[in-house]
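Student: One structure follows; several queries about it will come next.
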């Protein structure tokens with residue numbers, strides 16, 4: 001298990017918070033791209049709402065003053081009073097309607113934004129290299145970017161609310177400053193400490209959450225292992241539930257304890273700052289009352305000023321605390337945009353060469369070596385050989401010998417760390433990479449079992465032909481998967497896997513025949529089979545490779561298998577040891593050399609005697 005990561009991330013400074021606001025223009029651009037009509041409507045609704053609070057307060061002042069005049073007999077006509085009441089009622093209805101409309105628009109825009117940014121992440125992930133997905137640091141960035149796809153429009157709502165509140169404050173402050181400008185200073189003294197405290201604890205919360213990213217991924221993994229149809233068999237067989245639950249408890253309790261300590265401190269200081277804010281408000285309120293008693297203010301003006309001060313205090317508190325939240329959200333946006341700044345290492349040729357049709361010379365490895373990111377060990381080294389046109393080459397070696405890495409280099413899922421690979425005398429890097437992938441059919445031993453229909457599981461080998469049922473059925477016939485389809489209730493439309501309703505689970509060998517069919521979905525000039533028949537019995541594998549040999553006539557092919565009865569069907573056999581080529585030749589030639597191949601062959605043969 002990964003060791004817990006100690007959180008040593010520094011909390012962002014005030015300068016960094018302001019700097020993080022520089023992420024907002026890119027954020028607004030994404031929101032605009034999502035749906036600019038919703039964005040415009042949201043802004044308009046909030047602009048109108050910003051003028052309503054001061055209007056309601058002022059009409060309330062006029063109502064109270066008019067009531068006092070009527071009660072003292074200084075006014076006789078009640079018409080003006082009821083007009084004021086009607087106006088306040090109308091504003092209340094409009095305010096409620098605008099609030100609900102804003103919530104609706106925010107919700108719709110939020111859903112669209114979540115979908116849009118999720119698609120953007122998937123699109124960008126598709127451009128990145130395979131070895132980047134095998135790097136834990138990359139996965140941390142990917143996970144943080146995924147987290148930003150949900151709820152980021154809350155940030156948009158907060159920013160627009162911020163602008164709305166500032167405009168509302170401007171209206172309220174005009175009346176308050178006309179009465180006594182010193183009340184504004186009193187307001188700031190009461191609110192600023194609370195803002196600084198809130199800012200501090202938001203910083204701590206961000207640093208804590210960011211520092212826990214690797215452990216949270218492990219927590220999610222423990223949750224998956226402990227309750228999944230794919231893992232249930234081994235969890236029961238090896239009695240792993242207690243082990244997984246203990247690890248989950250350890251991690252979840254650690255997260256709970258860390259958050260609890262921070263939450264208790266935050267709540268304690270929050271009470272103190274709330275007392276300061278209330279003290280400031282009631283000091284101002286007492287001043288207003290005294291002025292009213294002295295006759296300097298009317299009762300209506302008192303209610304207007306008291307209401308304005310109370311709302312100003314609330315708005316200022318919200319604005320200051322929301323600034324911390326907005327800047328915090330802007331810092332989180334950095335995680336989102338950092339993911340899109342990751343560039344693929346496999347460079348696309350400026351003037352790509354078309355894939356040769358047909359291949360004339362073949363693939364030539366010239367002193368090729370490959371080393372994984374953050375690894376000192378070479379996965380492959382000093383590889384020099386040629387896969388000739390129309391040749392069938394088998395790769396042999398013990399586990400970890402570098403066989404799978406070699407075929408990934410051949411399919412240009414990786415670029416060599418040193419040396420180069422030529423195709424018909426041209427560096428593989430110079431070819432159109434999509435053209436190369438279209439002409440390469442490859443099935444790995446760890447192929448995916450898609451929880452889709454039988455036909456779709458085959459069509460993923462060439463998704464552009466997903467509606468070409470004749471091609472799908474031909475591919476199934478070539479891999480012998482058609483015999484399985486004929487036994488299923490819905491045949492090629494049968495749902496596979498147990499994740500969804502009416503799905504049928506298959507055996508490992510049955511899944512492998514479906515996976516093999518994917519390789520035949522393309523009219524590929526290079527076919528690669530990386531131990532895709534390991535779950536088949538010896539006879540079934542032999543039949544599959546007999547058909548494979550027949551169907552690859554006129555094509556180049558590479559196959560990896562631990563069964564020498566299959567390997568010997570290849571034109572030549574390449575033997576790897578610790579990533580390096582140690583032998584190459586036909587089955588008979590390698591047996592005569594009495595080297596590593598002969599040793600492995602005779603070891604396996606003893607098991608059948």
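Student: State yes or no: is residue 315 farther than 26 Å from residue 24 by Cα, surrounded by 14 or more Cβ atoms within 10 Å (Cβ to Cβ) and touching a helix residue (DSSP H, G or I) at 6+ places or on another chain (Cβ under 6 Å)?
Tutor: no
Student: For segment 552-561, which residues satisfy the criterion of being touching a strand residue (DSSP E or B) at 6+ places or on another chain (Cβ under 8 Å) and either surrounded by fewer than 18 Cβ atoms within 10 Å (Cβ to Cβ) or under 27 Å from residue 355 (Cα atoms) (or both)?
Tutor: 552, 555, 556, 557, 558, 559, 560
Student: Still on this structure, please answer the following. For residues that are out of contact with any helix residue (DSSP H, G or I) (no Cβ under 7 Å at 6 or more places or on another chain) and part of a strand (DSSP E or B), scanning just segment 476-507, find the one that is surrounded by the fewest Cβ atoms within 10 Å (Cβ to Cβ).
Tutor: Looking at residues that are out of contact with any helix residue (DSSP H, G or I) (no Cβ under 7 Å at 6 or more places or on another chain) and part of a strand (DSSP E or B), I get 504.
Student: Continuing with the same structure: Just name the residue that is surrounded by the fewest Cβ atoms within 10 Å (Cβ to Cβ) out of those in segment 360-379 that are touching a helix residue (DSSP H, G or I) at 6+ places or on another chain (Cβ under 9 Å) and at pLDDT below 90.
Tutor: Residue satisfying both the conditions and the ranking: 374.
Student: Scan 510, 473 and give me the residue that is crowded, with 17+ Cβ neighbours inside 10 Å, at pLDDT 90 or above and in a helix (DSSP H, G or I). If you could, list the steps in order and put the result at the bottom.
Tutor: Values: 510 fails: at pLDDT 90 or above.
Exactly one of 510, 473 is crowded, with 17+ Cβ neighbours inside 10 Å, at pLDDT 90 or above and in a helix (DSSP H, G or I), namely 473.
Student: If you check residue 302 against the conditions, is it touching a residue at least 60 places away in the same chain (Cβ under 8 Å), in the same structural domain as residue 131 (by TED's automatic domain parsing) and buried (at least 18 other Cβ atoms within 10 Å of the Cβ)?
Tutor: So residue 302 does not fit the description; no.
Student: Sticking with this one: Answer with yes or no whether residue 329 is in contact with a helix residue (DSSP H, G or I) (Cβ under 6 Å, 6 or more places away or on another chain), at pLDDT below 80 and either farther than 30 Å from residue 177 by Cβ or assigned to a helix (DSSP H, G or I) (or both).
Tutor: Yes: the conditions hold for residue 329.
Student: Ok, one more. For segment 414-442, name all the residues that are more than 22 Å from residue 358 (Cα to Cα) and touching a helix residue (DSSP H, G or I) at 6+ places or on another chain (Cβ under 8 Å). Walk me through it before giving the result.
Tutor: First pass over segment 414-442, keeping only residues more than 22 Å from residue 358 (Cα to Cα): 414-419.
Those that are more than 22 Å from residue 358 (Cα to Cα) and touching a helix residue (DSSP H, G or I) at 6+ places or on another chain (Cβ under 8 Å): 414, 415, 416.
Student: So, residue 128, is that one modelled with pLDDT of 75 or more, surrounded by 16 or more Cβ atoms within 10 Å (Cβ to Cβ) and either out of contact with any helix residue (DSSP H, G or I) (no Cβ under 6 Å at 6 or more places or on another chain) or more than 28 Å from residue 433 (Cβ to Cβ) (or both) or not?
Tutor: yes
Student: Here's another thing I want to ask about it. Exactly one condition in (1) surrounded by fewer than 17 Cβ atoms within 10 Å (Cβ to Cβ); (2) modelled with pLDDT of 80 or more; (3) farther than 30 Å from residue 390 by Cα is false for residue 357; which is it?
Tutor: (3)
Student: Please specify each residue of segment 39-49 satisfying the condition of being in contact (Cβ under 8 Å) with a residue 40 or more places away in the chain and surrounded by fewer than 19 Cβ atoms within 10 Å (Cβ to Cβ).
Tutor: 41, 43, 47, 48
Student: Now for a different question. Of (1) buried (at least 17 other Cβ atoms within 10 Å of the Cβ); (2) in contact with a strand residue (DSSP E or B) (Cβ under 7 Å, 6 or more places away or on another chain), residue 426 satisfies all except one. Which?
Tutor: Every listed condition holds for residue 426 apart from (1).
Student: Right, something else. Please give the number of the condition residue 173 fails out of (1) buried (at least 19 other Cβ atoms within 10 Å of the Cβ); (2) at pLDDT 70 or above; (3) within 14 Å of the chain's Cα centre (by Cα).
Tutor: Unmet condition: (3).
Student: In this structure, does residue 292 turn out to be surrounded by 14 or more Cβ atoms within 10 Å (Cβ to Cβ), more than 51 Å from the chain's Cα centre (by Cα), more than 26 Å from residue 167 (Cβ to Cβ) and without any contact (Cβ under 8 Å) to a residue 12 or more places away in the chain?
Tutor: Against the criterion (surrounded by 14 or more Cβ atoms within 10 Å (Cβ to Cβ), more than 51 Å from the chain's Cα centre (by Cα), more than 26 Å from residue 167 (Cβ to Cβ) and without any contact (Cβ under 8 Å) to a residue 12 or more places away in the chain), residue 292 qualifies.
Rundown of residues vs (1) surrounded by 16 or more Cβ atoms within 10 Å (Cβ to Cβ); (2) modelled with pLDDT of 85 or more, yes/no style:
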| residue | (1), (2) |
| --- | --- |
| 93 | no, yes |
| 105 | yes, yes |
| 118 | no, no |
| 135 | no, no |
| 140 | yes, no |
| 145 | yes, no |
| 148 | yes, no |
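Student: Identify all residues within segment 380-394 that are over 14 Å from residue 578 (Cβ atoms) and in contact with a helix residue (DSSP H, G or I) (Cβ under 9 Å, 6 or more places away or on another chain); write none if there are none.
Tutor: Those that are over 14 Å from residue 578 (Cβ atoms) and in contact with a helix residue (DSSP H, G or I) (Cβ under 9 Å, 6 or more places away or on another chain): 387, 392, 394.
Student: Do you know which of the residues in segment 295-320 that are farther than 17 Å from residue 174 by Cβ and part of a loop (DSSP other than H, G, I, E, B) is farthest from the chain's Cα centre (by Cα)?
Tutor: 295
Student: Output the residues belonging to segment 1-19 that are surrounded by 14 or more Cβ atoms within 10 Å (Cβ to Cβ) and either at pLDDT 85 or above or part of a helix (DSSP H, G or I) (or both).
Tutor: 16, 17, 19
Student: If I ask for residues that are closer than 16 Å to residue 131 by Cβ and assigned to a strand (DSSP E or B), which ones from segment 406-420 would you list?
Tutor: 418
Student: Against the condition surrounded by fewer than 17 Cβ atoms within 10 Å (Cβ to Cβ) and either at positive phi or not assigned by TED's automatic domain parsing to the domain that holds residue 209 (or both), how does residue 22 come out, does it pass?
Tutor: Values: surrounded by fewer than 17 Cβ atoms within 10 Å (Cβ to Cβ): yes; either at positive phi or not assigned by TED's automatic domain parsing to the domain that holds residue 209 (or both): no.
Against the criterion (surrounded by fewer than 17 Cβ atoms within 10 Å (Cβ to Cβ) and either at positive phi or not assigned by TED's automatic domain parsing to the domain that holds residue 209 (or both)), residue 22 does not qualify.
The values are calculated or read from the model by the stated rules, or taken from the named source; none is laboratory data. Quick caveat: nothing in here was measured; it's all calculated off a predicted structure. Cβ: placed from backbone, ideal geometry, glycine included. Neighbour counts: every protein chain shown.
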